[in-house]
Amino acid sequence: MMAPVTTSASRPAIWPWLVWALALIAVDQLTKEWILAHYQLGDYTPITGFFNIVRAHNTGAAFSFLADAGGWQRWLFTGIGVVATVVIVWQLHTHRGQKLLGLALSSILGGAIGNVVDRLQHGYVVDFLDFYWGASHFPAFNVADMAISVGAVLLIVDELRRMRKKSIA
């Protein structure tokens, strides 16, 4: 028995996922531009007893990994972001009908591109969300970082659901 032939016309489009990624990039860049226009490096505004708006620059990756590496890391992380973009768009194309996976991948895509734009434009990523407990501060982050984190959690949820379906079948 032959598998049904699927034409590209009958497969779901990837453009809704690309629009979602673009929306995340826009919100990310708008918030970062606002911070750059209204805060100097290190300035902050207390919002609650555990949250500040702050202007921070991150030349490294997550949790400032390699932040003091001397500058070459800017191009490494930019290259990783470009490769991730290509792979994610290919994955979105390959798995178009999978809604949770599409949301996960497009969220990661929007966040990755948002941070790559910063690295290319400024040489660092603009962070501004500062959560803390007492004197201990979680590393500052931004909308792109949130999108990447939510996307990663959704990827895990999607895989757990896929594994559960296989074990039931």
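The values are calculated or read from the model by the stated rules, or taken from the named source; none is laboratory data. Everything quoted here is computed from the prediction, not taken from an experiment. In this analysis, Cβ positions are derived from the backbone assuming ideal geometry, glycine residues included, and neighbour counts consider all displayed protein chains. Areas reflect the complete protein model, heavy atoms only, side chains present, ligands, DNA and RNA absent. Shrake-Rupley method; radii C 1.70, N 1.55, O 1.52, S 1.80 Å.
Residues whose amide H lies under 5 Å from that of ASP43, counting only those 5 or more places away or on a different chain, are ARG55; hydrogens are built 1.01 Å from N in the peptide plane.
In sequence order, the range 15-28 has phi-based couplings of 4, x, 6, 5, 5, 4, 4, 4, 4, 5, 4, 4, 4, 4 Hz under the Karplus curve 6.51 cos²θ - 1.76 cosθ + 1.60, θ = phi - 60°, and Gly or Pro positions carry x. Note on PHE131 and THR94: the extension gain reaches 9.5 nm, defined as 0.36 nm multiplied by sequence separation minus the Cα-Cα distance.
Here THR31 sits with roughly 40 square angstrom of accessible surface, probe radius 1.4 Å. When peptides 103-112, 124-133 are sorted by average Cβ neighbour count within 10 Å, with the highest value leading, the order is 103-112, 124-133. Other residues whose C-beta falls under 13 angstrom from the C-beta of VAL27 contribute a net charge of -2, scoring Lys and Arg +1 and Asp and Glu -1.
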